[in-house]
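Enquirer: Starting off with a structure, shown below.
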Amino acid sequence: MTTARLTELLKILDLERIEDNLFRGDSRDVGAPQVFGGQVLGQALVAASRTVEGRQVHSLHAYFLRRGDLEVPIVFEVDRSRDGGSFTSRRVAAVQHGQPILTMSASFQVTEPGLDHQAAMPEAPPPESLRDLREIAAEVIERMPDKASGYFRSEGPFEFRGVNPADYLTREKRPPRKLIWFRLNGPLPEDQALHRCLLAYVSDFHLLATATMPHGVNFLELQAASIDHAIWFHRDLRADEWMLYATDSPSASGARGFSRGSIYARDGALVASVAQEGLIREHGGWTRPAGQQV
C-alpha cells in the first residue's frame, strides 16, 4: 500500500510548470535543517525530463552550490541546450532567493541496440533476511546527535536494509565498502522517467558515509555535505522493487571524500553507476598548523 510519505514525495516531484522551460517545486522535511540534496537532484531531473519526448536520461552531472531553504519554493530553469538526432542535452539551474542552489547537466538518448556487458553483482544475502536500518537506528536514537536523530525519527518513502551494518555510534575502522538493499515503500506505474528520477533522489543516501569508514570517526558527528554528484543510467529499472547499492570509496583527502556506487536490480542487472565527492569535516575542524586559518 502506498504510504503517506510516498504520496508526499510523488507530489513534490510533480513540479508545477510556470512556463515552457520554468518549473516550481516545494520541499519535504527529512529531519535535516536544509533541503535534502537528493530531492533537488530528483526535481531537477524531473524538470529536464518534462522538456524531452521519446528519450530517456542516460547520464547526469550536478553540483550542489548552496544549502536549500525548506520554507521557500525552488524554481527550476531549464536550458534546452541541444536536440540532436539521437541525443538531447539539457541544463538545469535550481534557484532560491535569486541564487542557484544546484546546477545540473543531463543527457537523453533514443533507445537503440548495441554491445552489452556488465560487472557481476556482488554476493549478498536477500533483503528479507536483513533488518531495516531504521529499526537498528531506533535502538541507539536517544544517544544520537540532535541533527541526526531528527532524520531517523522521520519516516521515509524508501526502505533500506544493510548487509553487516555497523552500529550508528561506532568508531570502528572498517574497509570503505558497503552493501545496502533499498526499495520504494509502495507501487509505481510503468513510467521509466519517474523511476529514474526517484533513483536520482535515493542515490544521495548512504554514499558519502562510505568515505569515512576507514578513519574511526562517527559520520553522524561530522560536518558532511555533497559537493557534486553524477549518475549513469545503464538499463531500465524499477524504484519500487529491491535494488542493491554497492558503494566504495577509493580516496579521501583535503576535507573531501570520494565515493562510488553500483546499483543492481535483484536479478543482477547493473542498472546505474554513481559517483560523488563531498565535504567531510569534524565540527571542531581538522588539526592545523599554528596560525593557519579555517
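The values are calculated or read from the model by the stated rules, or taken from the named source; none is laboratory data. Every value quoted in this text rests on a predicted model; they were computed, and no experiment measured them. Note: ideal-geometry Cβ built from the backbone for every residue, glycine included; neighbour counts use all protein chains shown.
Enquirer: Do you know which residues across segment 260-271 are part of a strand (DSSP E or B) and either under 12 Å from the mean Cα position of the chain (by Cα) or not small (Gly, Ala, Ser) (or both)?
Expert: Within segment 260-271, Arg260, Gly261, Ile263, Tyr264, Leu270, Val271 qualify.
Enquirer: Separate question: Quick one: in segment 119-131, of everything that is exposed (fewer than 14 other Cβ atoms within 10 Å of the Cβ) and not hydroxyl-bearing (Ser, Thr, Tyr), which residue is nearest to Val35 (Cα to Cα)?
Expert: Our first condition is that a residue be exposed (fewer than 14 other Cβ atoms within 10 Å of the Cβ); within segment 119-131, this holds for 119-120, 122-123, 125-126, 128-129, 131.
Add one more test, that the residue is not hydroxyl-bearing (Ser, Thr, Tyr), and what stays is 119-120, 122-123, 125-126, 128, 131.
On the way: Ala119: 34, Ala120: 35, Pro122: 33, Glu123: 34, Pro125: 33, Pro126: 32, Glu128: 31, Arg131: 27 Å.
The selected residue is Arg131.
Enquirer: Of the conditions (1) in a loop (DSSP other than H, G, I, E, B); (2) farther than 19 Å from Arg196 by Cβ; (3) in contact (Cβ under 8 Å) with a residue 12 or more places away in the chain, Ala137 fails just one. Which one is it?
Expert: Here Ala137 clears every test but (1).
Enquirer: Something else: For the structure I just gave you, tell me whether Arg183 is basic (Lys, Arg), part of a strand (DSSP E or B), more than 20 Å from Val35 (Cα to Cα) and touching a residue at least 12 places away in the same chain (Cβ under 8 Å).
Expert: On the way: basic (Lys, Arg): yes; part of a strand (DSSP E or B): yes; more than 20 Å from Val35 (Cα to Cα): yes; touching a residue at least 12 places away in the same chain (Cβ under 8 Å): yes.
Yes; evaluated as a whole, the condition is true for this residue.
Enquirer: Residues of segment 170-187 being touching a His at 6+ places or on another chain (Cβ under 9 Å), buried (at least 18 other Cβ atoms within 10 Å of the Cβ) and of a type in the set (Lys, Arg), which ones?
Expert: Correct list: Lys178 only.
Enquirer: Okay, next question. Within the set of pairs 6+ apart or on separate chains, which have a first residue in segment 93-115 that is more than 16 Å from Val35 (Cβ to Cβ), a second that is small (Gly, Ala, Ser) and buried (at least 18 other Cβ atoms within 10 Å of the Cβ), and C-beta atoms under 7 Å apart?
Expert: Ala106/Ala48
Enquirer: OK, next. Check off (1) farther than 25 Å from Gly68 by Cα; (2) modelled with pLDDT of 95 or more for Ser259 and give me the number that stays unchecked.
Expert: Result: Ser259 fails condition (1) only.
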